[in-house]
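The values are calculated or read from the model by the stated rules, or taken from the named source; none is laboratory data. Remember, it's a predicted structure, so these values are computed and weren't measured experimentally. Here Cβ is always computed from backbone atoms with ideal geometry, including for glycine, and neighbour counts include all displayed protein chains.
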Amino acid sequence: MNTYSGPFWGLVVLFLFANGYGKGQEEIQKIQFEAAFQGECGHGSPCEQICFELHDGMYECDCRDGFILRSDGYSCAELNSTVSTQSVEDLKLDLIYEKDAELDAMEISFSNISDTDSNDIAQSSSNWTITDSLNYTTVGPRLEQKLTSVSSTILKSTLPISTARPCTLDCGPGGGCHAETDEEPLKCLCPLGRGGEHCGRDMEIQSPRFTGSSWLAFPALRGAYKHVQLSLELRPEAYDGIFFLTGERDDMAGDFMALLLHQGFVEFRFDCGSGIGVVRSEETVLLNQWNHVTLYRHRWDAWLQLNNGKHLQGRSKGLFSRITFREPLFIGGPGNTTGLDEKLPVAKGLKGCIRHLEVNDHVYKFALEPNGEAIKGFGIEECTADRCSKVPCQHGGKCLTSENTAVCLCPLGFSGDLCEIRVDLQVPLFNGSSHLRYKGLGETALTWLDLEITFKPTVSDGLIIYNGHKMDGTGDFMGLYLNDGYVEFVYDLGTGAASIRSQKKVQMGEWHEIRLSRTGRLAILTINDQLPVEVLTPGAFTQLFLPQNLYLGGVPNFSIVSPQIKIRSAFVGCIQKVEINGRQMAILAEALGGANVDNCPHPCVARPCGEDGECVPEMDYFTCKCKPGYRDHLCSRGPPSFHGIDSYFHLSDPTTMEVISSDPLDINVRFKSHSDSGLLIWAFTGNTFISLGLWRGALELRYTSNYREDEMLVVHNSSVVNDGLWHRIKAVRDGSTGLLIVDNGPAITRQSVQIRSPDKPFAPSDSEGLFIGGMPHRLIGLLTGYKAGIRGCIADLVINADYHLGVLNRSAIRHNIGECEV
């Protein structure tokens, strides 16, 4: 057996044909070709114009634009007007590179050639034939179009239609049904240019999104048989899929070139006709993020780079160095190509987006002709992720897209459209895309679990708290959520889930208390003052093991949540208290992470307890937990006390004036009084006023939208507040509506209730502003109807939930103020 190397056979072939071996010598001379020779480029190179270093100590000659390589393989001839671009490009196929040609039925057989190296001539027993009867079509100036019109294979191609079930959807002309699995519902994959649930609307694609079963087709590559330079940006949603495929035949039997994802790595596979070359990235792609892929191929050799990683090199087998492109260029999927299993490790298409494709300096337009360059496509959607390029999230925020918008998912401590606002979190607000993450309960909930949560929902569906056993949602779990306004608790100890539901719906926009007690298989749920409900889990298991993270207000991905949880949306509203097994959780301080959490409108946001205390929310109110050395519950060295006559605080700075002129106006004040009558608060802007006071032991709210109009009155006479004890008052003026709440009791509301009042005298300018505890004696009777201020103390005052007016404010005018006896 004789063994020959690749370079030697290059010389043999050149010798045979340069000397016109066998029949058809004249025909052979008509075919211009290039050949590989032993040696190297550089000084003394025989090439007349261009020399390429190949491999294995070989080189190859070529010519500049406007010239054609002569049959000697070294010199160049200038093109004349009678030689078309097509004939030049297609006839520059030497006998080594054109595998399927015949020459007057002359056949040259190379047999018994062992494949001693990956770069040697093709495997033994290969029969290569050469012909002069080749058929070609018009060649464009930049991309080689091997088809005169839209490929017949494209026209015959069909949409990947589910064969498991008959198509029951009307997807319009050219559309078809598809489902990833038998369990998923059928959906329409629309022809390119159409969209909607039933392909009923026009849609022009700018940045395509592929579903794994969709693809785009472009005309075959032109002028790319030797050199290909490619740049592409993709945003994959799965680790496997073909996103670039083209070649010589639709059954993968000939030359081909493919870019694909395989187990997360980018692979470039190409075959020049005598063996597949593979280049594979060293790093995996970043899922759900934009990745940049660059590729350069010159004949046998290819270089690949993913993102900013290393340039990796690979080489195809054998001496054939050209790729013939007759099939369309398929993007996002394999199109109508068959035989993939024999050549590629992946047969399905890309799941994700592509927003930039450039081949040999040509940037593709993805829309259907004539607005774009695509000649066909199926199942293409517009990529919403590209909207994130216009949303520069700050401070580590992540961009998420919905059907029509892109929003930032902000880390803890930041909010705003771009996460640009730094937030001092006090009482967390969840907006439906939020969550807080904590260490899981682990073995602390094995036998029993007591859970108390105080929350205020604004949407009737949403996950409140969840803790599971496995990241895929299987195994033990417990979850508390709202479903159509009902509170539901579901848990599984390993032998089947049990669910329990509140008897009544909870009211949106109000605070509620949930108490959940579970011992072994038994769980009892109580909401506010409703009667408790209970349930037993099936089976014999009695322990609950929850090693995964515990989530409050939502989860980052619902794939981690058990399918037994009936809703798939996050909680919207406020949560101010979470107590687990008798220990109250520091909701914000203990969080390991979270996203999109803002402040709930609550008095604690204004930090009314100052730097020396912690504001502890209690429904709409709060108490102050003070540092050691400060008076308990007050967090100051004594709040101010008022003596009734000419005893008051007065603030009239621009900020205060702006706040008290707002509508609605929300006042939250904590006080104690020993008098049954007296002015507590007076706010006047020149046009409107609002006052709070006591009259014969009843709390009164008076207000008007115009100072000279009749007053509105709300009286709360069901609670005693002049008993010398601390009380919390919430007063709201909203247009003509007023509201009073005392100590978490029921709300007293009056709408458009008027009282006749005598003609009011002209109010002097020094009566404007905010008076606390009373007013000057010369004004109080004239303007308010009260004879004096209160005799008592005021500990804290918050207006509109976020504006804290400390009663010891240095900018305030003080008159006849003492220190409160606690």
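Please go through the range 472-483 and pick out each residue that is over 22 Å from Trp511 (Cβ atoms) and touching a Ser or Thr at 6+ places or on another chain (Cβ under 8 Å).
Asp472, Gly473, Thr474, Phe477 - these are the residues of the range 472-483 that are over 22 Å from Trp511 (Cβ atoms) and touching a Ser or Thr at 6+ places or on another chain (Cβ under 8 Å).
Does Val555 satisfy being in a loop (DSSP other than H, G, I, E, B) and either assigned by TED's automatic domain parsing to the domain that holds Val459 or within 35 Å of the chain's Cα centre (by Cα) (or both)?
In short, yes.
Looking only at the range 291-335, count how many residues are assigned to a loop (DSSP other than H, G, I, E, B) and either surrounded by 19 or more Cβ atoms within 10 Å (Cβ to Cβ) or charged (D, E, K, R) (or both).
Of the residues in that region, 20 qualify.
Does Asp598 qualify as being free of Cβ contacts under 8 Å to residues at least 60 places away in the same chain and either in contact with a Cys (Cβ under 9 Å, 6 or more places away or on another chain) or surrounded by 22 or more Cβ atoms within 10 Å (Cβ to Cβ) (or both)?
Here the answer is no, as Asp598 does not meet what is asked.
Could you grab me the full set of residues in the range 772-793 that are surrounded by fewer than 24 Cβ atoms within 10 Å (Cβ to Cβ), part of a loop (DSSP other than H, G, I, E, B) and either in contact with an Asp or Glu (Cβ under 6 Å, 6 or more places away or on another chain) or not aliphatic (A, V, I, L, M) (or both)?
Within the range 772-793, Pro776, Gly785, Tyr786, Lys787 qualify.
Cβ-Cβ below 7 Å, separation at least six or inter-chain, first residue in the range 801-819 and of a type in the set (Phe, Trp, Tyr), second at pLDDT 75 or above and not in a loop (DSSP other than H, G, I, E, B): which pairs?
Going by the 7 Å Cβ cut-off, the qualifying pairs are Tyr803/Ala606; Tyr803/Val659.
Can you tell me which residue within the range 232-258, out of those that are of a type in the set (A, V, I, L, M) and farther than 20 Å from Phe320 by Cα, is surrounded by the fewest Cβ atoms within 10 Å (Cβ to Cβ)?
Ala238
Test of understanding: among Thr401, Thr405, which residue is within 30 Å of Glu204 (Cα to Cα), touching a Ser or Thr at 6+ places or on another chain (Cβ under 7 Å) and surrounded by fewer than 16 Cβ atoms within 10 Å (Cβ to Cβ)?
Just a single option satisfies the conditions, and that option is Thr401.
Answer yes if at least one residue in the range 220-229 is surrounded by 21 or more Cβ atoms within 10 Å (Cβ to Cβ) and over 23 Å from Val346 (Cα atoms), and no otherwise.
yes
Looking at the range 468-496, which of its residues are of a type in the set (Gly, Ala, Ser) and either surrounded by fewer than 23 Cβ atoms within 10 Å (Cβ to Cβ) or not assigned by TED's automatic domain parsing to the domain that holds Leu550 (or both)?
Gly473, Gly475, Gly485, Gly494, Gly496 - these are the residues of the range 468-496 that are of a type in the set (Gly, Ala, Ser) and either surrounded by fewer than 23 Cβ atoms within 10 Å (Cβ to Cβ) or not assigned by TED's automatic domain parsing to the domain that holds Leu550 (or both).
Give all pairs with beta carbons closer than 6 Å in which a residue from the range 777-793 that is touching a residue at least 24 places away in the same chain (Cβ under 8 Å) meets a residue that is part of a helix (DSSP H, G or I) and surrounded by fewer than 17 Cβ atoms within 10 Å (Cβ to Cβ); count only pairs at least 6 apart in sequence or on separate chains.
Lys787/Gly781
For Glu700, indicate whether it is under 25 Å from Arg791 (Cα atoms) and buried (at least 17 other Cβ atoms within 10 Å of the Cβ).
Yes, satisfied.
Of everything in the range 491-513, what is closer than 13 Å to Tyr481 by Cα and polar (S, T, N, Q)? Give them in sequence order.
Ser499, Ser502
Quickly run through the range 559-595 and pick out the residues that are without any contact (Cβ under 8 Å) to a residue 12 or more places away in the chain and out of contact with any helix residue (DSSP H, G or I) (no Cβ under 8 Å at 6 or more places or on another chain).
Arg583, Gln584, Ala586, Ala589
Please pick out the residue among Leu463, Leu480, Leu531 that is of a type in the set (A, V, I, L, M) and at pLDDT below 95.
Leu531
How many of the residues making up the range 656-689 are on the phi > 0 side of the Ramachandran plot and either aliphatic (A, V, I, L, M) or touching a Ser or Thr at 6+ places or on another chain (Cβ under 9 Å) (or both)?
Residues in the range 656-689 being on the phi > 0 side of the Ramachandran plot and either aliphatic (A, V, I, L, M) or touching a Ser or Thr at 6+ places or on another chain (Cβ under 9 Å) (or both): 1 in total.
State which residue pairs qualify: first residue more than 17 Å from Pro603 (Cα to Cα) and inside the range 660-674, second residue surrounded by fewer than 20 Cβ atoms within 10 Å (Cβ to Cβ) and among the aromatic types (Phe, Trp, Tyr) in any location, beta carbons under 8 Å apart, and separation of 6 or more residues or different chains.
The qualifying pairs are Lys672/Trp726.
Give me the pairs, please: first residue somewhere in the range 719-739 and acidic (Asp, Glu) and at pLDDT below 90, second residue anywhere and surrounded by fewer than 19 Cβ atoms within 10 Å (Cβ to Cβ) and assigned to a loop (DSSP other than H, G, I, E, B), beta-carbon distance under 9 Å, and either six or more positions apart or on two chains.
Asp723/His674; Asp734/Asp663; Asp734/Pro664
For (1) assigned by TED's automatic domain parsing to the domain that holds Ala367; (2) of a type in the set (Val, Ile, Thr); (3) farther than 21 Å from Asp240 by Cα, each residue gets a yes or a no:
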site	(1), (2), (3)
Gly318	yes, no, yes
Ser321	yes, no, yes
Thr324	yes, yes, yes
Gly335	yes, no, no
Pro345	yes, no, no
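Limited to the range 563-584, what total is found for residues that are among the small types (Gly, Ala, Ser) and surrounded by fewer than 22 Cβ atoms within 10 Å (Cβ to Cβ)?
Qualifying residue count for the region: 2.
Which of the numbered conditions does Leu54 fail, given that it passes all the others? Conditions: (1) modelled with pLDDT of 75 or more; (2) touching an Asp or Glu at 6+ places or on another chain (Cβ under 6 Å).
That leaves (1) as the condition not met.
Can you confirm whether Leu357 is buried (at least 21 other Cβ atoms within 10 Å of the Cβ) and hydrophobic (A, V, I, L, M, F, W, C)?
Yes; evaluated as a whole, the condition is true for this residue.
Which number in (1) without any contact (Cβ under 8 Å) to a residue 12 or more places away in the chain; (2) crowded, with 21+ Cβ neighbours inside 10 Å; (3) of a type in the set (Asp, Glu) marks the one condition that Asp341 misses?
Condition not satisfied by Asp341: (2).
Consider the range 360-383. How many of its residues are charged (D, E, K, R), in a strand (DSSP E or B) and surrounded by fewer than 23 Cβ atoms within 10 Å (Cβ to Cβ)?
Residues meeting the conditions: 2.
Within the range 609-629, track down each residue that is surrounded by 18 or more Cβ atoms within 10 Å (Cβ to Cβ), at pLDDT below 80 and part of a loop (DSSP other than H, G, I, E, B).
Result: Cys609, single match.
Output the number of residues of the range 493-538 satisfying the condition of being among the basic types (Lys, Arg) and farther than 18 Å from Ser460 by Cβ.
Qualifying residue count for the region: 3.
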